[in-house]
Amino acid sequence: MNKDFKQTSRSGSLAWLLQRISAVILFILLLLHFVTYHFLGKGQAVDYHWVVSKAGNWWFPLLQFAFLLTALYHGLNGVWSVLEDYTSSRSWRLLWYSLLLTVGVVLLFVGTLTIIKLYTLQAA
């Protein structure tokens with residue numbers, strides 16, 4: 001598959017823009033995550049019981065889920081951009097895309113289950 005400059009620049013511009021936007025959102029969520037874990041603890045060690053106690057707040061699971069979604073999108077989009085640049089065969093691209101999509105769905109499922117489990121432990 002031969003690509004010329006015009007074809008490449010048009011097809012990747014939205015992914016490029018979304019990568020930059022997700023980086024900014026990820027940075028903000030990372031700061032909130034850092035503040036939540038390290039400044040709201042008031043000198044306490046961050047351990048399992050501390051995290052479960054914070055999971056009862058309405059904002060904590062939402063912050064964790066937004067962080068999970070943004071990190072997954074940003075990371076997988078970045079890997080896909082690199083793979084797309086170096087893979088010329090259409091069948092290999094389909095294989096890589098399917099693999100990345102599968103990994104993303106599995107990680108989203110496991111991460112969401114973890115957040116739900118922490119929230120239900122606190123509610124119980």
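Rule-based calculations on the coordinates, nothing more; no lab input. Note that the structure is predicted; figures quoted are calculated from it, not measured. Cβ atoms come from the backbone with ideal geometry, glycine included; neighbour counts cover every protein chain shown.
At-a-glance table
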read-out: Along principal axes, Cα extents of the stretch 5-123, largest first, whole Å; value: 54, 25, 21
read-out: Most mobile of L69, L83, L95 in a GNM of the chain (Cα contacts under 10 Å); value: L95
read-out: Nitroxide proxy distance, nm - points 7 Å out along Cα→Cβ at D85 and H49; value: 4.9
read-out: Sites excluded, chymotrypsin sites (Phe, Trp or Tyr not before Pro) in DSSP loops with at most 12 other C-beta within 10 Å, longest stretch of the chain; value: 59-124
read-out: Mean residue ellipticity (222 nm) of the chain, computed from DSSP H runs ≥ 4 via -39,500 (n - 2.57), nearest 500; value: -29500 deg cm²/dmol
read-out: GNM result for the chain, Cα springs below 10 Å: residue of H49, H74, H33 fluctuating most strongly; value: H49
read-out: About the Cα centre, charge dipole magnitude for the stretch 5-123 (Lys/Arg +1, Asp/Glu -1 at Cβ), debye; value: 220
